[in-house]
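Right, one structure below, let's go through it.
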């Protein structure tokens, strides 16, 4: 019985870019569940990694903790082209 091979790094990066694109659309605040709904087929861990990347560069900020945390776009830093 053969196993499915894990996705390549390029494929994973492409999925993160989809999440980043969705996070840059309105509204100015959102929850992780909103992104998951907007990006069908992309799993929560991928969404979490993309949000962590955006938070690291200062594009978004997390307001709260846990499953109901709200994320807010930071307008003092313009979105990066990508």
**OP:** Kindly establish whether residue 62 is out of contact with any strand residue (DSSP E or B) (no Cβ under 6 Å at 6 or more places or on another chain) and either free of Cβ contacts under 8 Å to residues at least 24 places away in the same chain or not in a strand (DSSP E or B) (or both).
**Re:** no
Original post:
Would segment 28-38 turn up any residue that is in a loop (DSSP other than H, G, I, E, B), touching a strand residue (DSSP E or B) at 6+ places or on another chain (Cβ under 6 Å), exposed (fewer than 14 other Cβ atoms within 10 Å of the Cβ) and in contact (Cβ under 8 Å) with a residue 40 or more places away in the chain?
Top reply: yes
**OP:** Identify all residues within segment 45-60 that are over 12 Å from residue 15 (Cα atoms) and surrounded by 14 or more Cβ atoms within 10 Å (Cβ to Cβ); write none if there are none.
**Re:** 51, 53, 54, 55, 59, 60
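Only the coordinates and a few stated rules stand behind these numbers; no lab work does. Bear in mind that the values here come from a model prediction, so they are computed numbers and not experimental data. Using ideal geometry, Cβ is built from the backbone for each residue, glycine included, and neighbour counts are taken over all protein chains shown.
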